[in-house]
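The values are calculated or read from the model by the stated rules, or taken from the named source; none is laboratory data. Keep in mind that this is a model prediction, so the values were computed, not measured. No Cβ is skipped: glycine too gets one built from the backbone with ideal geometry, and neighbour counts run over all protein chains shown.
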Amino acid sequence: MSVIVAEYLGVRTDKEIPITPIPVSKGANGEKPILLCPFKNSHCDKTKRGDKPVCSIRDSVTNELWIVCSHRLCATQKLSNKKPIALNEHQKFILYSVAKEIFGSEVSRAEILVNREVPIPVTKDSDYSADYVMWRRNPQLITTFNPDRPIVLEMQGGGETTSTGDLTEHITNWEKGNASLTEMVSKTAPLVTNAWRRQQEQFLVKGNAAMLTGGRMVFCIGSMIYDYLMPRLTSTTIFPSLREANWTLALLVFIEDKSNPPPSRPISAPNSIPLKIDPTKSLFTNYGFFVQAITNQGTACNSMFQGPYVDLT
């Protein structure tokens, strides 16, 4: 297993674009650098913590993209000093891409309304929050294909990796001039299983809240999560395709946009890797069927309860 750094502080590494290493600290007191994140109107959390500002990596064999920063796909920060943070152009681009898939390609940006980090109370001492809630403003036509219902929207483009220390060491060597940033990093690999385990809780808790409140659930995921997930779920469940009917759950898969010529990038992230929704992997179905598929994994196994046993003496 090995990976390649794909984006460093919003700059792709596979083009002739100069990339300047970010110091771990600056100033006499060792303050962490406060640098703007290209994917939101705020600072880069990684550099502020003193971590390497890697946004995404590639599988060195398949060249497939794996996002390793929670803000890379579409960050959801809402407040700064109790004031709303405006969406930047990258966030607007991703959200509008989702809106066109949900409400139809004819919908305009002015018709789309979003709220961020919306609280979802579960118990007295445990609250969740929706990444986004999305509405369509004043629809002129209501159809079964495009019913006007609120959307609970979750963003999970990727996740963590194995052997993160090896990746950090590699970037440190590059910062010192002792390595190329695009060299393969051995032993590091996407942890797709962990990403899916975290996602299951989102499906069950936030999805159920959306259904009980008359809404719909939309998950934006990366292709690696989709490719890991679907063979396991479709082995026990056949999902009805409800895109042109009354669907209640959708999976939208974001992949790298390899169009030639490449698409223009939002001005906030002009040197990043362009993303798009893969229409061949989108799923519009019933939430209940999806939950059933999750709980139906695993089969009867008589050998599981056979010996050898030992007693407690």
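Taking the criterion of being more than 14 Å from Arg197 (Cα to Cα), part of a helix (DSSP H, G or I) and of a type in the set (Val, Ile, Thr), the only residue of the range 223-239 that qualifies is Thr234. Need the failing condition index for Leu153 against (1) in contact with a strand residue (DSSP E or B) (Cβ under 6 Å, 6 or more places away or on another chain); (2) at pLDDT below 95, just the number. That leaves (2) as the condition not met.
Among the residues of the range 251-261, those that are closer than 20 Å to Ala75 by Cβ and outside any loop (DSSP other than H, G, I, E, B) comprise Leu252, Val253, Phe254, Ile255, Glu256.
Of all residues in the range 5-21, count the ones that are buried (at least 19 other Cβ atoms within 10 Å of the Cβ) and either free of Cβ contacts under 8 Å to residues at least 40 places away in the same chain or not in a loop (DSSP other than H, G, I, E, B) (or both).
So in the range 5-21, the residues buried (at least 19 other Cβ atoms within 10 Å of the Cβ) come out as 5-13.
In the following step, the residues that additionally are either free of Cβ contacts under 8 Å to residues at least 40 places away in the same chain or not in a loop (DSSP other than H, G, I, E, B) (or both) were identified as 5-8, 11-12.
Number satisfying all stated conditions: 6.
With respect to the conditions (1) under 15 Å from the mean Cα position of the chain (by Cα); (2) surrounded by fewer than 17 Cβ atoms within 10 Å (Cβ to Cβ); (3) not hydrophobic (A, V, I, L, M, F, W, C), Thr168 lacks only one, and its number is (1).
Looking at the range 32-70, which of the residues that are part of a loop (DSSP other than H, G, I, E, B) and within 14 Å of the chain's Cα centre (by Cα) is modelled with the lowest pLDDT?
As a first pass, look at the range 32-70 and keep what is part of a loop (DSSP other than H, G, I, E, B): 32-35, 37-42, 44, 50-53, 60-64, 68-70.
Retained after the next criterion (residues that are within 14 Å of the chain's Cα centre (by Cα)): 39, 68-70.
Working: Phe39: 96, Val68: 97, Cys69: 96, Ser70: 93.
Among residues in the range 32-70 that are part of a loop (DSSP other than H, G, I, E, B) and within 14 Å of the chain's Cα centre (by Cα), the one modelled with the lowest pLDDT is Ser70.
Condition test on Ala293, is it in contact with a helix residue (DSSP H, G or I) (Cβ under 8 Å, 6 or more places away or on another chain), touching a residue at least 60 places away in the same chain (Cβ under 8 Å) and over 21 Å from Leu153 (Cα atoms)? Outline the logic, then answer.
On the way: in contact with a helix residue (DSSP H, G or I) (Cβ under 8 Å, 6 or more places away or on another chain): yes; touching a residue at least 60 places away in the same chain (Cβ under 8 Å): yes; over 21 Å from Leu153 (Cα atoms): no.
So Ala293 fails the test.
Taking the listed residues Asn146, Asn138, the one that is at positive phi, in a loop (DSSP other than H, G, I, E, B) and at pLDDT below 95 is Asn138, with no other qualifying. Residue count for the range 175-206 under the criterion of being among the charged types (D, E, K, R), within 20 Å of Val68 (Cα to Cα) and outside any loop (DSSP other than H, G, I, E, B): the result is 4. Within the range 262-313, the set of residues being in a loop (DSSP other than H, G, I, E, B), modelled with pLDDT under 90 and crowded, with 16+ Cβ neighbours inside 10 Å comprises Arg265 only.
Here the condition is being more than 28 Å from Val11 (Cβ to Cβ), surrounded by 15 or more Cβ atoms within 10 Å (Cβ to Cβ) and touching a Gly at 6+ places or on another chain (Cβ under 6 Å); of Met230, Met217, it holds for Met217 alone.
Name the single residue, out of those in the range 153-165 being among the hydroxyl-bearing types (Ser, Thr, Tyr) and part of a loop (DSSP other than H, G, I, E, B), that is farthest from the chain's Cα centre (by Cα). So the residue we want is Ser163.
What do you reckon, is Ala179 farther than 22 Å from Asp14 by Cβ and out of contact with any Phe, Trp or Tyr (no Cβ under 6 Å at 6 or more places or on another chain)?
no
Could you list, in sequence order, the residues of the range 89-116 that are among the polar types (S, T, N, Q) and either part of a strand (DSSP E or B) or at pLDDT below 95 (or both)?
Kept after step one, since they are among the polar types (S, T, N, Q), are these residues of the range 89-116: 91, 97, 105, 108, 115.
Across the range 89-116, the qualifying residues are Ser105, Ser108, Asn115.
When the test is whether a residue is farther than 23 Å from Lys276 by Cβ, more than 19 Å from the chain's Cα centre (by Cα) and touching a residue at least 60 places away in the same chain (Cβ under 8 Å), Lys176 does not pass it.
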